[in-house]
Structures are given as C-alpha cells and as structure tokens.
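Structure, as structure tokens:
Values quoted throughout were computed directly from the atomic coordinates according to the rules given, and no laboratory measurement underlies them. Source: prediction; values computed, not measured. No Cβ is skipped: glycine too gets one built from the backbone with ideal geometry, and neighbour counts run over all protein chains shown.
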Amino acid sequence: MTRELLQVKGLSKRFKDREVVKGISFSIAEGSCAALIGPNGAGKTTTIRMLAGLLQPSGGSVVLLAEGRPVADPRPYIGYLPQMPVFYPWMTGAEFLLYSGELAGLTRREATRETGKWLDAVGLRDAGKRRIGGYSGGMKQRLGLAQALIHRPRLLILDEPVSALDPAGRKDVLTLLQRIRLETTVLFSTHVLHDAEEICDEILMMREGEIVLQGSLDHLRRTYSEPVIRLEVGGDEVSRAWLAAAGGKDFVVQSEISGGRAKLRVADVERAALELMADAVSRRVTIRTLEAGQSTLEDLFLKAVRS
Ligand SMILES: Nc1ncnc2c1ncn2[C@@H]1O[C@H](COP(=O)(O)OP(=O)(O)OP(=O)(O)O)[C@@H](O)[C@H]1O
Ligand SMILES: [Mg+2]
C-alpha cells in the first residue's frame with residue numbers, strides 16, 4: 001500500500017494580474033520519483049518554490065504528511081536544490097556542507113559525520129578539500145545534491161538538476177539520482193522527457209500554468225500508445241505520389257506526410273504494413289524504410305505541449 005507524502009490542492013500563483021500557476025492539484029506517493037516536465041515558462045520553478053516553502057501561494061494548499069499526518073512546518077522534511085544554486089566560491093566543498101548541515105539543524109558533530117559521508121556519496125571526497133570556485137558545473141551540482149540531502153529529508157525537490165550540464169556531468173548526476181531515489185522520495189523538474197524516463201516513475205506534465213497530463217509512466221505509455229507506421233520512400237515521382245495518396249487508405253486513421261516521409265496512425269499495424277508493402281511492390285514504389293510500432297511518449301509530450 002503506497003502512502004501519500006505530499007498533497008497539493010488547487011495551488012495557484014499570481015504575479016500582479018498574471019496567473020502563472022493555475023490551480024494545480026496532484027499528490028506524490030512515498031518512495032516514488034516524480035518528474036515535473038514542461039517547456040520554458042510553463043511554471044515549473046514557480047510551483048517548486050511554493051512546494052519548498054520559498055514562495056507564498058496565491059491560493060490552494062500544500063500538505064506534507066509524516067506517518068500519515070500533516071506536519072505544521074514541512075521545511076525540515078524537504079531538501080531543495082534550486083535551478084541556479086549559488087555557492088560561496090572561497091569555501092571548500094567540505095566547509096560548505098558543514099555549514100549547510102548546521103544551518104539545517106544538525107549538531108556540529110552530526111554535521112561533520114554527514115559531511116564526510118555525503119562527500120563520499122557524491123564522489124567529491126578529495127575535491128571536498130578544495131575551494132568551490134575551482135569546481136566544474138557537474139561537481140557543483142553534485143555538491144548541491146549533497147547539501148539538499150545532508151539533513152535526511154523525506155522529499156528531495158530539484159529544479160532542473162541536469163539542464164546546465166555537459167553530457168558527462170549530466171550522466172554523473174542522473175546516475176547519482178538513480179541511487180538516491182531508492183532511499184528518498186524525489187520530485188524534479190526538467191524540460192527533457194528522456195531524463196524523466198530514465199529515473200522517474202510518475203509524470204506531471206505542465207504547460208502554461210496547468211497540469212495537462214499526469215500519471216505513472218507505465219500507465220501513460222499504455223494509455224496513449226497508438227499503433228503507427230513510419231514510412232520513407234525514394235525521391236522519384238511515382239514513390240512521392242504514392243506516399244501522398246497513402247493517407248487516404250481505409251486502414252489509416254490519421255496521417256502526417258511531408259517530403260518523402262509519412263507517419264500513419266492505423267487501426268492494425270500488421271495488416272497495414274502488409275497492405276502497404278504489397279501495394280508498393282505492385283506499383284514499383286521504392287520504400288527506403290518501413291517501421292511498424294507504437295507512438296512513443298515523446299510523441300505524446302510534443303502533442304501535449306503544443307496543442
Ligand atoms: N517573480 C516573478 N514576477 C513576475 N513573473 C514571474 C516571476 N517569476 C516567474 N514569472 C513568470 O511566470 C512564468 C513561469 O515561470 P517559471 O520560472 O515558473 O517557468 P519554468 O517552467 O520554470 O521555466 P524554465 O523552464 O524556463 O525554467 C513565466 O512566464 C515567468 O515570466
Ligand atoms: Mg524553471
């Protein structure tokens with residue numbers, strides 16, 4: 001039986017007369033990893049700052065439950081890494097963690113112990129002795145994660161933890177998150193679906209201040225995957241004309257055709273693939289590729305953010 005850790009109801013934020021978060025509701029189960037995904041300006045950071053208790057909502061409620069009961073002050077239960085964390089460059093990584101731990105309410109002795117532990121966990125044991133000013137972006141982000149986790153929060157909230165990183169830094173942080181999520185409930189925002197798919201099991205898709213789609217990855221994949229055929233034909237006139245007419249076949253539900261490529265949504269992929277191939281062969285159409293499969297979550301994401 002999964003227990004809810006965070007309940008968000010009708011949460012909204014207005015800046016002057018502009019409502020940028022429009023009464024969103026969702027909950028996060030203990031032990032899950034949820035991705036808040038949406039394009040630039042969707043309202044992800046605004047939402048996250050309200051969840052972390054850093055921004056006063058204009059309406060609605062955020063309730064954090066511990067042992068099934070709402071807590072009065074959720075801050076000790078939450079670890080937060082902002083979209084653009086700011087560090088003191090003259091501090092060493094170890095000094096910064098010690099300071100963060102004490103700030104979060106740990107005793108000096110606890111903070112010292114946890115500092116050593118977290119420097120190891122994020123792969124900064126040696127670098128911890130050096131000044132943060134000399135760290136790479138990936139190292140800073142890993143230090144930021146250690147800072148967000150040092151007081152053992154129940155919920156870790158991360159705002160675009162990998163967006164500013166190069167591929168190597170990105171991989172380091174994603175691998176680390178995969179480990180962290182086994183022990184801590186995680187909510188992180190991203191505008192890259194692939195990152196969400198790599199570590200999360202829940203998706204909250206946001207657009208223009210609203211949640212346009214939510215559910216488990218499995219559920220969304222099952223519910224929204226549709227049979228599609230992707231086709232690419234040769235550049236000759238016969239092939240192009242045939243492709244242009246392919247959208248009109250009775251087994252095609254919907255088609256997108258441009259240049260020599262087509263994406264056809266069909267009722268039955270196997271039948272459609274057979275008929276298309278037989279027809280193409282009899283008319284001497286050059287087929288470069290024919291791929292029968294399901295539409296992906298990427299298709300769904302693009303549809304949700306564009307429509
Ligand atoms: N303090 C503020 N005052 C006025 N408008 C704001 C303020 N903060 C954010 N906004 C506006 O609210 C909208 C949502 O911004 P937000 O930063 O939450 O989006 P986001 O999804 O995090 O985008 P990104 O992917 O670029 O980080 C934007 O249109 C932004 O201009
Ligand atoms: Mg943002």
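Rg to Rh for region 226-306: what is it, with Cα atoms only and Rh by Kirkwood?
On the Cα set of region 226-306, Rg over Rh gives 0.98.
Hey, rough spin-label estimate for D250 and E226, points 7 angstrom out along Cα→Cβ, what's it come to in nanometres?
Once both label points are built, they end up 2.1 nm from each other.
Considering only T115, T296, T286, give the residue with the highest GNM mean-square fluctuation for the chain, with springs between Cα atoms whenever their separation is below 10 Å.
Looking only at T115, T296, T286, the largest GNM fluctuation is found for T286.
I'd like the orientation of helix 108-121 relative to the chain: the angle between its Cα long axis and the longest Cα principal axis, in ° from 0 to 90, rounded to 10.
30 degrees
Which whole-number percent gives the relative contact order of region 183-302, counting Cα pairs below 8 Å spaced six or more residues apart?
Relative contact order for region 183-302 comes out at 28 percent.
Could you tell me the relative contact order of the chain? Use alpha-carbon pairs under 8 Å, at least six residues apart, and round to a whole percent.
19 percent
Pairs K117/K140; K22/K171; K44/K303: which exceed 23 Å Cα-Cα?
Listed pairs above 23 Å: K22/K171.
Select from region 181-266 those GluC sites (Glu not before Pro) which occupy a DSSP coil region and have at most 16 other Cβ atoms within 10 Å, ordered by residue number.
Answer by residue number: E183, E208.
As a footprinting exposure proxy, order D201, D17, D279 by other Cβ within 10 Å, with the fewest listed first.
D17, D279, D201
Taking H as built 1.01 Å from N, whose amide H comes closer than 5 Å to the amide H of Q83, not counting residues under 5 places away?
Counting only residues 5 or more places away or on other chains, the set is D159.
Determine the shape class of region 164-251: with a ≥ b ≥ c the square roots of the Cα gyration tensor eigenvalues, call it rounded for a/c under 1.5, and otherwise prolate if a/b is greater than b/c, oblate otherwise.
Here region 164-251 falls in the prolate category.
Gap in Å between the Cα centre of region 3-33 and the Cα centre of region 96-154?
Region 96-154 and region 3-33 have Cα centres separated by 29 Å.
So how tilted is helix 167-180 from the main axis of the chain? Cα-based, degrees 0 to 90, rounded to 10.
70 degrees
Once you've got the GNM for the chain with C-alpha springs shorter than 10 Å, pick whichever of A196, A245, A262 has the biggest mean-square fluctuation.
Among A196, A245, A262, the largest GNM mean-square fluctuation belongs to A245.
What is the mean projected area of the alpha carbon convex hull for region 4-222, to one decimal in square nanometres?
The number I arrive at for region 4-222 is 12.2 nm².
Can you compute the helix-only [θ] at 222 nm over the chain? Use -39500 (n - 2.57) per DSSP H run of at least 4 residues, normalise by all residues, nearest 500 deg cm²/dmol.
Rounded to the nearest 500, it is -10500 deg cm²/dmol.
Is there a quick way to get the dipole size of region 50-147? I mean about its Cα centre, with the Cβ of Lys and Arg at +1 and of Asp and Glu at -1; what is the value in debye to the nearest 20?
300 debye
Based on the mean of other Cβ atoms within 10 Å per residue, sort peptides 71-78, 4-11, 91-98 so the most packed one is first.
Per-residue Cβ counts within 10 Å, averaged per peptide and sorted highest first, yield 91-98, 4-11, 71-78.
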